[in-house]
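The values are calculated or read from the model by the stated rules, or taken from the named source; none is laboratory data. This is a predicted model, so every value here is computed, not measured. We place every Cβ from the backbone using ideal geometry, glycine too, and count neighbours over all the protein chains shown.
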Amino acid sequence: MFAMSEKDIVWEQLRSEAEQAARREPALSNLFEEVVLRQDSLEQALAVRLSRKLAYHATPEGYLNEVFAEVFRNSPKVGEQVRHDIMAINERDPACRSYLTPVLYYKGFQAITCYRLAHQLWNQGREELALYLQSLISEVFAVDIHPAARIGCGLLLDHATSFVAGETSVIENHVSILHEVTLGGTGKVAGDRHPKVRHNVLIGAGAKLLGNIEIGEGAKIGAGSVVVEDVPPHATVVGVPAVVVAFTKDLDPAQSMDQRIC
């Protein structure tokens, strides 16, 4: 996790980027000022940005801002996780040229950050509010993650539309996932019923992972595949149903983002 000096580096770079962006694009200067430049920390900036995104007629923006700020204060781990996410996006997504970009514009990052806040509320026994946030996240970002799911840091949720993760899903650290991916169950089975995705996995667009299966560390899931059985570490699987077609020498497919089969 980050030391305090490293936290400062992320925030200071983001502020510098916001200052430069405000000079380049005066039409958005109010956005940069209100979300970033008037705030004292990344946590405050995210509370402002996300509360505005999720604000709905039944829940005022100010209340959501207070809730999010409280979670960030009481759960410093969330701030550490989002910093890892920002850095991961900047490193892996060639379309992302700054730390500011995911904070202001990427719904994948914003949805995952909202999930992280809902997850803390769920763990605190505030399940109704957590589920309400899940509903808002689904409506606003088209991303549906149960607040009880467990998701590590350094996550790239690229494009994000139609990503689904069920209640007992687990995603470990340093994973890259493209749009329209489902971590779902196989029917009406109760209990532990959703996939477990280990470190450094790359999941291609449209893949469906179903049931209490394990996706081994460093595995690659081909786009459009339907995975219903365990995947060995460093294996590449494709097809409907998915089968192992190769074992990759790439120890970190999530970082390389190389979706070629061979």
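Remarks
- Yes/no for residue 111 being over 11 Å from the mean Cα position of the chain (by Cα) and either part of a helix (DSSP H, G or I) or of a type in the set (S, T, N, Q) (or both): no
- Region 44-79, subset surrounded by 14 or more Cβ atoms within 10 Å (Cβ to Cβ) and of a type in the set (Ser, Thr, Tyr), residue farthest from residue 99 (Cα to Cα): 59
- Within region 177-190, residues that are assigned by TED's automatic domain parsing to the domain that holds residue 222 sit with their Cβ atoms under 6 Å from residues that are among the hydroxyl-bearing types (Ser, Thr, Tyr) and surrounded by 12 or more Cβ atoms within 10 Å (Cβ to Cβ), at 6+ positions apart or across chains, in these pairs: 179/161; 180/162; 183/169.
- Residue in region 27-43 that is closer than 19 Å to residue 120 by Cα and surrounded by 14 or more Cβ atoms within 10 Å (Cβ to Cβ) present: yes
- Selection from region 120-140 of residues that are aromatic (Phe, Trp, Tyr) and free of Cβ contacts under 8 Å to residues at least 60 places away in the same chain: 122
- On inspection, residue 12 passes the criterion of being assigned to a helix (DSSP H, G or I) and closer than 30 Å to residue 254 by Cβ.
- Pair list, Cβ < 7 Å and 6+ apart or interchain, from region 36-53 residues that are assigned by TED's automatic domain parsing to the domain that holds residue 80 to residues that are outside any helix (DSSP H, G or I) and modelled with pLDDT of 95 or more: 45/39; 48/39
- Count - residues of region 204-242 that are within 22 Å of the chain's Cα centre (by Cα) and not β-branched (Val, Ile, Thr): 19
- The set of residues from region 186-206 being touching an Asp or Glu at 6+ places or on another chain (Cβ under 8 Å) and small (Gly, Ala, Ser) comprises 205, 206.
- Qualifying residue in region 213-222 (condition: more than 29 Å from residue 135 (Cα to Cα) and in a strand (DSSP E or B)): yes
- Qualifying residue in region 101-121 (condition: out of contact with any Phe, Trp or Tyr (no Cβ under 9 Å at 6 or more places or on another chain), charged (D, E, K, R), outside the structural domain of residue 196 (by TED's automatic domain parsing) and crowded, with 20+ Cβ neighbours inside 10 Å): yes
- Residue satisfying all of: in region 148-200; over 15 Å from the mean Cα position of the chain (by Cα) and not in a loop (DSSP other than H, G, I, E, B); surrounded by the fewest Cβ atoms within 10 Å (Cβ to Cβ) among these: 184
- Positions within region 223-242 being in contact with a Ser or Thr (Cβ under 7 Å, 6 or more places away or on another chain) and either closer than 17 Å to residue 253 by Cβ or modelled with pLDDT under 95 (or both), in sequence order: 234, 236, 237, 238, 242
- For residue 93: the one exception among (1) touching a strand residue (DSSP E or B) at 6+ places or on another chain (Cβ under 8 Å); (2) more than 20 Å from residue 201 (Cβ to Cβ); (3) acidic (Asp, Glu): (2)
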